[in-house]
Amino acid sequence: MATQRRGDAEGAQPPVRELLSAADVTRTIARIAHQIIEKTAFGPSNPGDLVLLGIPTRGATLARRLAAAITEFTGAAPAVGSVDATLYRDDLRRRPARALEDTAVPEGGVDDKLVVLVDDVLMSGRTTRAALDALRDEGRPRAVQLAVLVDRGHRELPIRADYVGKNVPTSRTEAIHVLLAEHDGRDGVEIARGTGDPAPENDPSTEGADPA
Amino acid sequence: MRHLLSVADLDAAAATGLLDTADRLKQALLGREVRKLPTLRGRTVVTLFYEDSTRTRVSFEIAGKWMSADTINVSAKGSSVSKGESLRDTSLTLSSMGADCVIVRHPASGAAHRIAGWADRDAGVTGTQTSVVNAGDGTHEHPTQALLDAATLRERLGSIAGRRIGIVGDVLHSRVARSNVLLLATLGAEVVLIAPPTLLPTGVREWPCRVSHTLDAELPALDAVMMLRVQAERMHGGFFPSAREYAIGYGLSETRQAMLPENAPVLHPGPMVRGMEIAPAVADSTSSAVLAQVRNGVHVRMAVLYHLLAGAPE
């Protein structure tokens, strides 16, 4: 998908600027991992308490990387999985039916756990809302928090992230591209300026990532 | 996708897309206490059945309900059909009431196709864009059965392309066989039809498959075998001397099952006639995928409804 998105951007020849380098991405993930540990008091004393759920596709990858970092720092492995929010979106009727992504709730479920939802980009907040609805059907977590790599603003719902890798003020005409080695061959975050048309609300093809 | 009338309308990518969606839906509902997704809230799905059915009708109804659609069942018995209403009038009546999807089973081949044509042409009059799903039309097609069989084969074998699948029995009266041959060939499988000459339709030589009359010769090289029901209700005349003789020639006995490669799945679209096309011990063996087919049927039909109804209207 990322290739296609970059292709879209290249079509209009917009200037692309790097926001985070590969090293920045690694550092940012480590920092969020530390913040999660601090805020949730997760460690070997309560190893079953924390569940990281990524929103596919890149959110799920980020959740796995965060889990690995948390395991490295604490010696205890949090449960990690993914939750696809597509079936709960409020804009399904606006576009042709789209492919569904992986849902994998870790064994042990989410009941009475502290769940951290993980996504790459937070924009309108509609994906997060859909993921919260999906989560409600999976069980009843003790609490739900949100971690994102990039918060680009333009919220349309009263949703905020508990952990933010980088705040990026953007205009709607700009596209944020989160690149992860697992999908794109390298890590990085880029911003593409002035693609001409304003990014339609919630359109991953122009936003560079599912707007959380 | 506007209607699902024939598997011939699906290319490999579209069919694989439906199977992938079915897998993901299954995954999303796995282990859940509440098997309900909000995706089709406010959409109306009507099943219109002119023939008896248990699994297909119930499966579509469950699929609709698990996705929060309102599902209504109409059967020819007990509806205005018995008062002499035409197929066209019945289908347009349902569209006018706001049916977003009509799932139709009819004894006449091509019935679903006709209804889809009327639904498209008269959408301006009825006020509803109705999608039509063929749930079995005469001896023509049964696309969702072929899709659920493909889902089951993919689940059991890991892949479909390059696999050799045998379809055994009453091919002549079987819409399931026709849909399966087309879909499995589209997905890259090698299909072998195995039946007595009297139970093969004319023109079968043009289907994308090989035809054989001897089951025992084919069994050792099959990756999976699909047994068809002998459709006695459609047979008017002597297609074979006796049920016993049919079972001896084409029934899947325990001895025959032993000739298959180890763990080769045995499929049957149901309802099974035990002792005729399949021995009870085979139907209940661990290789039998019959109940897995039924389970996958719900997810495949959810996937079809999702692709037809969830996105923007075309």
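The values are calculated or read from the model by the stated rules, or taken from the named source; none is laboratory data. Keep in mind that what you see is a predicted model, and the values were worked out from it rather than measured. Note: ideal-geometry Cβ built from the backbone for every residue, glycine included; neighbour counts use all protein chains shown. The protein model used for the area step is the full one, side chains on, heavy atoms only, and it has no ligands, DNA or RNA in it. Shrake-Rupley method; radii C 1.70, N 1.55, O 1.52, S 1.80 Å.
Before moving on, here are some points about what is shown:
- Residue in segment A:30-40 that is part of a loop (DSSP other than H, G, I, E, B), surrounded by 11 or more Cβ atoms within 10 Å (Cβ to Cβ) and modelled with pLDDT of 90 or more present: no
- Strands (runs of 3 or more DSSP E) enclosed by segment A:45-123 - at least 1 residues per element that are surrounded by 15 or more Cβ atoms within 10 Å (Cβ to Cβ) and within 14 Å of chain B (Cβ to nearest Cβ): A:50-54, A:79-82
- Filtering segment B:176-202 to residues that are open to solvent by 20 Å² or more (accessible area, probe 1.4 Å), farther than 24 Å from B:S242 by Cβ and out of contact with any Lys or Arg (no Cβ under 8 Å at 6 or more places or on another chain) leaves B:R178, B:L182, B:A185, B:T186, B:L187, B:G188, B:T202.
- Flag if B:A217 is touching a strand residue (DSSP E or B) at 6+ places or on another chain (Cβ under 6 Å), modelled with pLDDT of 95 or more, surrounded by fewer than 24 Cβ atoms within 10 Å (Cβ to Cβ) and of a type in the set (A, V, I, L, M): no
- Residue count for segment B:1-54, restricted to those that are open to solvent by 40 Å² or more (accessible area, probe 1.4 Å), in a helix (DSSP H, G or I) and either within 9 Å of chain A (Cβ to nearest Cβ) or closer than 27 Å to B:L87 by Cβ (or both): 6
- Restricting attention to segment B:62-95, the residues being touching a Lys or Arg at 6+ places or on another chain (Cβ under 9 Å), closer than 24 Å to B:G42 by Cα, at pLDDT 90 or above and open to solvent by 40 Å² or more (accessible area, probe 1.4 Å) number 5.
- Residue list for segment A:167-176, filter: buried (at least 16 other Cβ atoms within 10 Å of the Cβ) and in contact with a Ser or Thr (Cβ under 8 Å, 6 or more places away or on another chain): A:E174, A:A175, A:I176
- Number of residues in segment B:268-314 that are outside any loop (DSSP other than H, G, I, E, B), in contact with a Lys or Arg (Cβ under 7 Å, 6 or more places away or on another chain), open to solvent by 20 Å² or more (accessible area, probe 1.4 Å) and away from chain A (no Cβ under 13 Å) equals 2.
- Within segment B:141-173, restricting attention to residues that are surrounded by fewer than 24 Cβ atoms within 10 Å (Cβ to Cβ) and modelled with pLDDT under 95, the residue that is nearest to B:H307 (Cα to Cα) is B:H173.
- Any hit, segment B:248-256, residues being away from every other protein chain (no Cβ under 14 Å), touching a helix residue (DSSP H, G or I) at 6+ places or on another chain (Cβ under 8 Å), open to solvent by 10 Å² or more (accessible area, probe 1.4 Å) and among the basic types (K, R): yes
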